[in-house]
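Every number here is computed from the coordinates shown, using simple stated rules; none is lab data. Quick caveat: nothing in here was measured; it's all calculated off a predicted structure. Neighbour counts run over all protein chains shown; Cβ positions are idealised from the backbone, glycine included.
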Amino acid sequence: MDKSFNGPDATSQSSPFCFWINDDYDYSGASWDLGHDVEAGWYYNDGYQRVIGSQRDLEDYARLWICGMPALTNGNYQVTLSWANVSSGSPTINLFNSVETNGGVGYLTNSTIAAAQYGGLDNNYPGSPGKAIATISPGQPFTFPASYFTSAGDKHFLFDGAITNGAGELLMTIADNSGNTIAQTGAWLDLHRITDFYEFAQATNVPSTVPPSSLVSQYSVIHPGLGMGNETKQVIVYVHGINRPAWGAQNEGETLFKRLYWSGYQGHFAEFRWPCAYLPPNSWWPYTFNESEFWAYKAAPAFKNYLSYLKNRPDLAGYAVDVLAHSQGNAVVSEALFEGATINNYILSQGAVPAQCYDGSAPTLPVLMTAEASTPTPFAASIGGYNQCWTNISGNVGNIVNFFNVNDFALATGSYGPLDANWVKNQQSQKPEAFIGGPSYIYYPSNHTSVAYYTFGSHYTVTDWEESRSMVARSRTSAIGAQGPATGQTAQGIIGGSVDLFGELGFGNTRPEHSAQFTRPIQTVWGYYDQILRSFQILPVNRQ
């Protein structure tokens, strides 16, 4: 916090502090789902409850300091917070005592401090740091008890935006017991739903059935996003993975937006949604990965055109465009780059696509080579295989970094049961694919031809290499998200950098850890977001 009069934390009517209201519910605490944001009705949202609901909830809180107060020891003064100069809506905040004596950001970065600030199951009792000491809205001021200012020095608080949008001046007034104003100062706030701050686009006209398909996908911008003021000239675009319903994809993107913000990112943020398939528990049928990969490829033209739209928008002129994709979302991004999209930097996070797509020398996986010997599938990209199919994208992106976990449950170590469709097992047993009620694929290695047969006798020859890769070809290597560079090396084919999520950041091998950057509370994954900013060549801010 910079306390200088005209420093970066100074506010004015024309330059208010912009922040999101706390209108979600931060679910936390099951072995199969460590946590996520849930869209909540007005009663159940965290801001309405007036308590810090969990350690995860703390990412929705900002700091408020009262600085330079003298000791008010004789009881003849009152200190009041109220709203003035309201320009829109009904700005409302909940105010909490900070447990940090220096008013720091440990509540976001340190699990021990966060636990103390949350207050645990007793956080709804008076005196708990997790219970609001006041709710301040237009027409509802708050006067501090006299004991707050019996000693001189800075006073430290946290606040969240409660329930409603609004903008105005949070005014602090010191008055004597006769009502005479002794001193007055204020901070200008502009509170919004978080959807106002980030951009959201989605692919349309994408096939939602089994192949083949001649549809060409398009994109639609659902809302452009206002940003949070004084943006740096950067755009980060997030592309989600498989098994993300609309609400899940949106909340995942919002979590990423918040955590990048707290890590110091001040640029534009956008999320791109594509119509992925669902796995259990979002679907009863676990064998939809290959079909979803096909849809991912077909969403690539939409993503390519959306990137072009961003680059040509007047309000984003001169902005660097960086892309972060999770899991199967990398099929969307890499195929778009293959088709000619251009970006500045690209992070593959827990990528659920073969390592051999980017690196022709990637080591093979014995279990997949055994399956290949039994049931051959296309190998070279020129005949519909994976090998080096995306090595040409290096000319369309400045820097590629692989965020990998050799113990990733979904990609490397998980079981293959009704609830767990592990990537390796899918490559082993579901290639070539056989649909119930759809085509079954057969590959003829003698002439490098794949044919799709239907149960009623009709068939066709596969000539679409996107269909061939997703439905017929078997990877010979691990997924890129489960494989790092060779010992002593930094590159993996065209991929120039890597981050070891297991060795460097402590990501584990359970199912939720495939998305640990979203499912864990912010305090335990701080390093992941630092690594994003470093990989995108954006320096993290000093958090002292």
What percent antiparallel are the DSSP beta bridges of region 171-283, to the nearest 5?
55 percent
Test of understanding: what is the full-extension gain from Arg534 to Glu504, defined as 0.36 nm times their sequence separation minus their Cα-Cα distance?
9.4 nm
Between region 134-198 and region 228-266, what's the alpha-carbon centroid distance in Å?
29 Å
Counting only C-alpha contacts under 8 Å and six or more residues apart, can you give the relative contact order of the chain as a whole percent?
14 percent
Taking the Cβ of each residue in Glu59, Glu335 as the centre, tally the other Cβ atoms inside 10 Å and list the residues starting with the fewest.
Glu59, Glu335
Sorting check: for 108-121, 167-180, which peptide has the highest mean count of neighbouring beta carbons within 10 Å, and how do the rest follow?
108-121, 167-180
Likely footprinting exposure, Arg469, Arg476, fewest C-beta neighbours within 10 Å first:
Arg476, Arg469
So for each of 79-88, 308-317 I average, over its residues, the number of other beta carbons within 10 Å; can you give me the resulting order with the highest mean first?
79-88, 308-317
Just order 347-353, 532-538 by mean Cβ neighbour count inside 10 Å, highest at the front, would you?
347-353, 532-538
Separation of the Thr375 and Ala491 label points, Cα + 7 Å toward Cβ, nm:
3.6 nm
Distance between modelled label sites at Tyr44 and Asn76, nm, 7 Å Cα→Cβ extension
5.4 nm
Residue order, fewest to most surrounding Cβ atoms within 10 angstrom, among Cys389, Cys67, Cys18:
Cys67, Cys18, Cys389
On full extension of the chain, what length is gained from Gln140 through Arg193, given 0.36 nm per residue of separation minus the C-alpha to C-alpha distance?
16.9 nm
R0 of 51 Å, Cβ-Cβ distance Arg313-Phe456: FRET efficiency to nearest 0.05:
0.55
Per 0.36 nm of contour for each residue apart, how much would the distance between Gln184 and Glu339 grow if the chain were fully extended, relative to their Cα-Cα spacing?
49.8 nm
Between Ile442 and Gln13, the two model label points (7 Å from Cα along the beta-carbon direction) sit apart by a distance in nm of 7.9 nm
Here the percent of antiparallel bridges among DSSP beta bridges lying wholly in the chain, to the nearest 5, is 65 percent
Among Gln537, Thr204, Thr490, whose Cα sits farthest toward the positive end of the charge dipole of the chain (+1 at Cβ of Lys/Arg, -1 at Cβ of Asp/Glu, about the Cα centre)?
Thr490
Cut-off 10 Å between beta-carbons: net charge of the residues surrounding Ala132, Lys and Arg +1, Asp and Glu -1:
+1
